[in-house]
Amino acid sequence: MAGNTLTDQSQMMCPHGGTITATGTARVTAQGGTVLTAADSFSVAGCPFHLPTTPPTPSPCVMVVWSVPDMQCRAGQMPTLSQGSVGLCFAATGLPQGPVQITQTQSAAKTR
């Protein structure tokens, strides 16, 4: 994929508006943030999603798994992530709940 490289300073949300926080492990930085890879940890906080049951059952997004990282860029032997990467948010039950929404990232480094 391609686009501006994601860092631990990038702003991402689950499809329901929860905030995604990343913990980067690479030694590469861009505009003061650690470049993110598909192997890094991503957690979701504040997801309000409920399953449409009676009564509604809470099923918040809690983690992210990246299925399409950058194909030609690596940091620490792992594929990097960019605006074009595809990540899915998952509930604690392991059910996928929708794609990551990238709302802001740095503009100094781009990947392919």
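The values are calculated or read from the model by the stated rules, or taken from the named source; none is laboratory data. Because the structure is a prediction, the values reported are computed rather than measured. Because the Cβ atoms are built from the backbone with ideal geometry, glycine has one as well, and the counts that use them run over all protein chains shown.
A few notes on this one:
- Those residues of the stretch 23-50 which are within 18 Å of residue 97 (Cα to Cα), within 11 Å of the chain's Cα centre (by Cα) and in contact (Cβ under 8 Å) with a residue 24 or more places away in the chain, in sequence order: 42, 44
- Residue 79 meets the stated requirement of being more than 15 Å from residue 97 (Cβ to Cβ), surrounded by 13 or more Cβ atoms within 10 Å (Cβ to Cβ) and not acidic (Asp, Glu).
- Reported count of residues in the stretch 1-25, each being surrounded by fewer than 18 Cβ atoms within 10 Å (Cβ to Cβ), part of a strand (DSSP E or B) and not small (Gly, Ala, Ser), is 4.
- Applying the criterion of at least 1 residues that are of a type in the set (Phe, Trp, Tyr), under 23 Å from residue 28 (Cβ atoms) and at pLDDT 95 or above to the strands (runs of 3 or more DSSP E) found wholly in the stretch 59-105 leaves 61-68.
- Residue match in the stretch 54-68 (condition: under 17 Å from residue 21 (Cβ atoms) and more than 14 Å from the chain's Cα centre (by Cα)): yes
- Residues of the stretch 35-57 that turn out to be surrounded by fewer than 20 Cβ atoms within 10 Å (Cβ to Cβ), of a type in the set (S, T, N, Q) and under 25 Å from residue 2 (Cβ atoms), as a count: 1
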